2 protein chains.
Amino acid sequence: MTFIKKLNAAWAGNHSLLCVGLDPDVTRFPAELAGKPDAILSFCKTIIDATADLACSFKPQIAYFAALRAEDQLEEICRYIKTTYPTIPLVLDAKRGDIGATAEQYAREAFERYEADAVTVNPYMGFDSVAPYMEWKDKGAIVLCRTSNAGGSDLQFLDVGGKPLYQHVAQLVADKWNVNGQCALVVGATFPNELAQVRHIIGDMPLLVPGIGAQGGDIAATVHAGKTNNGNGMMINSSRAILYAKAIGDENYADAARRIALETRDAINQYRN
Amino acid sequence: MTFIKKLNAAWAGNHSLLCVGLDPDVTRFPAELAGKPDAILSFCKTIIDATADLACSFKPQIAYFAALRAEDQLEEICRYIKTTYPTIPLVLDAKRGDIGATAEQYAREAFERYEADAVTVNPYMGFDSVAPYMEWKDKGAIVLCRTSNAGGSDLQFLDVGGKPLYQHVAQLVADKWNVNGQCALVVGATFPNELAQVRHIIGDMPLLVPGIGAQGGDIAATVHAGKTNNGNGMMINSSRAILYAKAIGDENYADAARRIALETRDAINQYRN
């Protein structure tokens with residue numbers, strides 16, 4: 001099944017636009033995991049089990065694994081998602097950007113090694129740096145468009161022929177790069193007006209939307225600005241707010257993560273129709 | 001010693017502007033390495049030993065290792081360079097681009113795990129995606145500016161206030177991002193006029209210049225356009241032309257790689273003064 005079809009099925013099946021981001025910061029892990037050799041794997045599996053029926057996708061951030069020589073644990077996490085929750089799309093957040101021959105290697109990394117359904121990529125080097133991912137016809141390439149960090153404006157807000165660069169990127173992807181319907185875009189939740197502009201440009205193309213939860217984006221405004229006419233169209237990511245949710249009473253960290261994921265999913269659903 | 005000082009010393013010490021790129025494509029390895037478990041490590045060490053006195057830097061491309069689950073071999077290669085040839089700067093070609101907290105993880109990967117002296121980074125997400133690398137005061141951040149692939153023009157050549165985006169990036173880095181003199185830029189050799197424009201904008205900032213050798217850039221035009229007044233200022237990268245040099249007579253692959261590296265270094269040196 002293609003990434004896009006799988007995503008559509010997960011939106012419907014779990015009645016959810018919530019993407020659970022897996023950014024395992026060991027300095028914030030619960031005390032019971034301290035010093036365990038496979039702490040990252042154990043933590044992520046617990047979070048996955050606690051949230052899988054609430055999520056439309058899982059998104060591991062590879063940097064957290066790469067810094068700690070933990071690619072083997074990332075492989076196991078990805079395999080766990082693919083075998084235990086095969087209907088939930090797996091997005092590898094790697095933001096790769098390199099020329100053709102090198103991009104082919106990165107595509108093999110994402111799609112063979114980690115078995116991801118889609119990978120995030122950077123548009124700065126142009127279409128031939130994105131095309132190698134789309135040689136994998138059932139996979140997705142999620143192109144950075146407008147990012148939620150303060151410095152995002154440095155380049156993305158530059159005026160290019162009367163519109164900001166991020167809108168030009170959205171238009172490029174919609175008109176030219178999205179040949180087989182394999183593309184999606186990353187647009188941060190922190191600027192709902194800009195999210196609405198992008199939605200207007202791209203039609204029903206899916207959006208990966210970071211920036212709610214710990215990053216403070218407003219859920220109502222985000223959903224209103226970014227949804228498609230049928231109330232889908234987004235993977236709204238939350239990572240830290242779920243992973244490091246503060247426990248209430250005798251909750252363990254899995255319970256706390258599930259509670260926040262449920263609240264977030266339901267808050268999103270309120271504004272879908 | 002800082003990356004920039006180390007690079008200056010290597011330019012002088014080896015009388016070389018040649019950066020040897022380590023893009024280990026196992027499908028092109030010599031027959032004698034076929035099926036060996038540490039073939040990548042063995043191949044790269046041989047190339048390093050054959051070219052270390054001719055190079056101003058080594059540049060492993062992480063994608064080739066990541067695709068093959070060979071990060072452990074990359075670690076060993078990096079450690080080998082750092083211990084055996086401690087005067088040659090080690091540039092990790094990873095083209096990372098992500099927000100602050102994630103960029104911190106990538107910086108740890110590059111500078112702690114692989115002990116690189118500098119890493120290539122993508123400017124699309126703005127200054128706060130580059131700043132975390134510069135917290136490592138003796139390390140370098142080499143920012144993508146103008147790339148040598150055909151699709152490079154898709155974004156980089158867009159008009160931004162009367163000049164192309166890549167020149168705007170060069171200006172941004174020169175004026176604002178290069179706070180402690182830790183920055184360099186990637187500018188491809190395939191467009192010498194553009195290389196000259198960038199050199200004009202950035203003063204003596206170092207350039208990493210891919211695109212000669214297998215990619216066909218002209219050495220004379222490249223050196224003329226990109227050198228500083230004192231005949232330095234560039235790491236001119238060649239990867240495949242050296243790594244997969246065709247043997248002449250009874251040369252082994254190390255001899256062939258050395259011959260091409262020597263020819264390339266000397267061809268570059270012809271045009272430096």
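Within segment B:1-145, all pairs of alpha-carbon atoms sorted by distance into 10 Å bins from zero give the percentages 12, 41, 34, 12, 1. Over segment A:172-230, the ratio between the Cα radius of gyration and 2.2 N^0.38 Å evaluates to 1.12. Net charge in the neighbourhood of residue A:237 (other residues with Cβ under 13 Å of its Cβ; Lys, Arg +1, Asp, Glu -1) is +1.
Helix B:192-202 against the longest principal axis of chain B: what's the angle in degrees, Cα atoms only, rounded to the nearest 10? On a 0 to 90 degree scale, this one is about 60.
Short version: what are the Cα gyration tensor semi-axes of chain B, square root of 5 times each eigenvalue, largest first, in whole Å? List each step's numbers first, then the result.
Working: eigenvalues 158, 96, 59 Å².
Semi-axes, largest first: 28, 22, 17 Å.
Distances between copies of residue A:259, taken at a point 7 Å out from Cα along the Cα→Cβ vector and listed shortest first: 7.2 nm.
Each copy carries a label point for residue B:82 at 7 Å from Cα toward Cβ; from one copy, the others' points are 3.2 nm away, ordered from shortest. Taking the three principal axes of the alpha carbon atoms in the protein assembly as shown, the coordinate ranges are 69, 53, 40 Å, sorted in descending order.
What angle, in degrees between 0 and 90 and rounded to the nearest 10, separates the Cα long axis of helix B:253-270 from the longest principal axis of the Cα atoms of chain B? That helix lies at roughly 40 degrees to the long axis.
In the protein assembly as shown, the calculated helix contribution to ellipticity at 222 nm averages -11500 deg cm²/dmol per residue, counting -39,500 (n - 2.57) for every DSSP H run with n ≥ 4. Taken about its Cα centre, segment B:3-270 carries a charge dipole of roughly 360 debye when the Cβ of each Lys and Arg holds +1 and the Cβ of each Asp and Glu holds -1. Shown here are the Rg and Dmax of the Cα trace of segment B:34-84, at 10.9, 32 Å.
FRET efficiency for the residue A:247 to residue B:69 pair, using the beta carbon distance and R₀ = 35 Å, is estimated at 0.45.
Given charges of +1 on the Cβ of Lys and Arg and -1 on the Cβ of Asp and Glu, with all other atoms neutral, how large is the dipole of the protein assembly as shown about its Cα centre, in debye to the nearest 20? Working shown, then result.
Values: 52 positive and 62 negative charges, 137 e Å.
Roughly 660 debye, rounded to the nearest 20.
Across the identical copies, the 7 Å label point of residue A:32, projected outward along Cα→Cβ, sits 5.6 nm from its counterparts, in ascending order.
Projecting the Cα positions of A:166, B:66, B:223 onto the charge dipole of the protein assembly as shown (unit charges on Cβ atoms of Lys, Arg, Asp and Glu, taken about the Cα centre) puts A:166 furthest along the positive direction. Against the longest alpha carbon principal axis of chain A, how many degrees, from 0 to 90 and to the nearest 10, is the axis of helix A:3-13 turned? Around 50 degrees separate the two axes. Normalised Debye scattering of segment A:138-273 at q = 0.10, 0.12, 0.18 Å⁻¹ gives log10 I(q)/I(0) of -0.36, -0.50, -0.98, counting only Cα atoms as equal scatterers and leaving out solvent.
No lab work stands behind these numbers, since they all come straight from the coordinates. All values derive from a computational prediction rather than experimental measurement. Here the Cβ is made from the backbone with ideal geometry for all residues, glycine too, and neighbour counts use every protein chain on show.
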